[in-house]
1. Identify the single condition in (1) in contact (Cβ under 8 Å) with a residue 40 or more places away in the chain; (2) closer than 22 Å to F360 by Cα that A402 does not satisfy, given that it satisfies every other one.
2. Would you check if V266 is of a type in the set (A, V, I, L, M) and touching a Gly at 6+ places or on another chain (Cβ under 6 Å)?
3. Could you pull out the residue among A185, A169, A192 that is surrounded by fewer than 24 Cβ atoms within 10 Å (Cβ to Cβ), without any contact (Cβ under 8 Å) to a residue 60 or more places away in the chain and either touching a strand residue (DSSP E or B) at 6+ places or on another chain (Cβ under 9 Å) or under 28 Å from W59 (Cβ atoms) (or both)?
4. Kindly establish whether R305 is out of contact with any Gly (no Cβ under 8 Å at 6 or more places or on another chain), more than 17 Å from L389 (Cβ to Cβ) and charged (D, E, K, R).
5. May I ask you to verify whether W370 is under 25 Å from L240 (Cα atoms) and aromatic (F, W, Y)?
6. Out of everything in segment 172-182 that is touching a residue at least 12 places away in the same chain (Cβ under 8 Å) and of a type in the set (A, V, I, L, M), what residue ends up being surrounded by the most Cβ atoms within 10 Å (Cβ to Cβ)?
7. Filter segment 200-257 down to residues that are among the small types (G, A, S), out of contact with any Pro (no Cβ under 8 Å at 6 or more places or on another chain) and not in a helix (DSSP H, G or I) and give me whichever is farthest from S10 (Cα to Cα).
8. So F272 fits all but one of (1) outside any helix (DSSP H, G or I); (2) closer than 26 Å to L368 by Cβ; (3) not aliphatic (A, V, I, L, M); what number is the exception?
Amino acid sequence: MPANRSLPLSLALGFATLSLAAVVVTLCRLQVVPLTSIDAAAANARMLWPFWIASGLCWAALTGLWIVIRREQPAGGRTSAMLVMGVAVAARVIVLLAGAPTLSDDVYRYAFDGGNLAHGVNPYTVRPQDRLDDPAFVERWPGEADLLPRLNNPRMTTIYLPTSQWVFAAIPSGSTRVYRAVFTAFDVAMIALILVGLARAGRSPWWAALYAWHPLPLAEIAGSGHQESLGVLLLVGMLLVADRIPRRVWAWTGLLAAAALVKPVVLPVAAFALKGQRWRAWVLSLAVGAVVCTALAAPLWFADRGEPFGHLMETADRFRLKWAHFGSVYEPLLWSIQTARPEWDNDRQEVLARRICTAFVAAVIAGLWWRGPPSLWGRTRLLLLAMVLLSPTAHPWYLLWALAMVPMAPGAATWIASLTVSWGYVAWAHVAADGTAGWGVSPRTMLWAYVPIYAMLGLLLYRRCKSPGSSTPSTP
């Protein structure tokens with residue numbers, strides 16, 4: 001370990017590693033059961049509370065580390081980077097080996113889609129319920145029968161996009177643990193890229209611990225196996241290229257296009273990266289993006305006269321219209337519309353609420369274009385935070401995209417969100433006012449989770465407006 005490490009830094013690192021160990025223990029023990037009764041809700045609550053407490057302690061410890069790093073500006077070096085990576089890998093391996101995913105079942109769909117595509121079946125043409133209802137069912141590939149009962153939304157074809165599908169198919173096993181291991185490896189590779197970016201910027205490698213040792217990626221990627229690590233890896237790679245060689249448009253556009261076919265929310269980052277460049281760069285970026293997206297998507301979407309793409313659009317329309325959970329703007333907005341226009345049917349109310357949220361997103365993109373932080377990393381982080389806050393559905397793993405930007409572009413509102421967004425899992429223990437158990441989140445939990453985030457955003461925007469001439473404006 002570095003001999004010149006200060007006592008405050010050593011204490012902060014010690015507290016962070018110990019609290020991370022507590023998170024690992026709670027994740028290894030965490031098991032939730034289907035929400036079928038009040039007893040099931042109570043059992044889930046008893047499981048979730050130790051995880052939330054350990055996560056809160058770890059978040060507080062990392063906040064202390066952030067304060068120490070910012071004050072002391074420790075240089076660090078290769079040994080520090082190796083320690084950051086070593087602790088991150090050890091925590092992930094332990095969680096990965098501990099057991100099956102419990103907070104989310106999405107990884108089973110990844111394995112199902114991957115098994116189909118690897119065996120020549122287009123995943124955009126398969127409704128799992130049709131396979132379950134087939135009286136003459138015969139496995140198309142080993143393990144299909146075991147996966148089918150575990151899949152969510154079995155009446156719909158897959159929602160996952162082509163970059164993800166090709167990776168799913170390339171994983172040489174139907175085991176969900178192998179899928180989790182692959183996505184954990186992507187997460188570790190992304191941490192390595194962050195360390196490269198910090199080294200290039202002359203900043204301490206300890207900044208990477210804010211993501212590498214955070215409970216959120218540990219729970220959502222090593223624990224649940226979410227595919228976000230694939231998209232975030234591509235995005236961070238794109239930002240490293242665009243930040244260092246912005247005129248190498250073809251290189252960073254290719255990475256961004258592949259990331260967009262994991263989650264399209266990153267598309268506006270192209271406009272941020274192209275700001276100030278000549279029109280030829282814009283044309284080249286558009287052309288390269290179109291070629292990459294076509295190469296990845298066309299074999300899956302436009303086979304059989306475009307039927308697979310039609311199925312994807314049906315699934316996407318269902319998600320856009322009816323899927324909602326823990327949306328900080330959407331939920332109160334929908335309630336307001338329902339109160340003001342009770343004569344409208346629910347579809348019309350939901351469509352209006354979602355259109356207003358989309359308009360807010362467009363306004364945020366425009367604002368970041370004109371008055372956003374000076375760094376591409378900072379603008380990207382704020383965009384991805386806004387996408388979570390303004391989405392009708394705000395699952396904890398959605399925030400991983402923004403959290404990965406924090407080591408390179410720290411932001412207080414994003415950091416607060418990284419603590420409170422996991423409180424949405426209270427839905428596993430929700431008991432309604434009528435005494436029945438069912439998936440949901442109370443208004444009180446919504447207030448506890450989101451008021452601190454918006455309060456911090458308001459404070460930082462006030463400071464920025466108060467000193468518009470500052471060369472280093474506050475970044476939310």
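1. Failed condition: (1).
2. Values: of a type in the set (A, V, I, L, M): yes; touching a Gly at 6+ places or on another chain (Cβ under 6 Å): no.
No, not satisfied.
3. A185
4. Values: out of contact with any Gly (no Cβ under 8 Å at 6 or more places or on another chain): yes; more than 17 Å from L389 (Cβ to Cβ): yes; charged (D, E, K, R): yes.
Criteria met by R305.
5. Working: under 25 Å from L240 (Cα atoms): yes; aromatic (F, W, Y): yes.
Criteria met by W370.
6. Checked segment 172-182; the qualifying residue surrounded by the most Cβ atoms within 10 Å (Cβ to Cβ) is V182.
7. Per the stated criteria, the residue is A201.
8. So the condition that F272 fails would be (1).
The values are calculated or read from the model by the stated rules, or taken from the named source; none is laboratory data. Not measured: the values here are computed from a predicted model. Cβ atoms come from the backbone with ideal geometry, glycine included; neighbour counts cover every protein chain shown.
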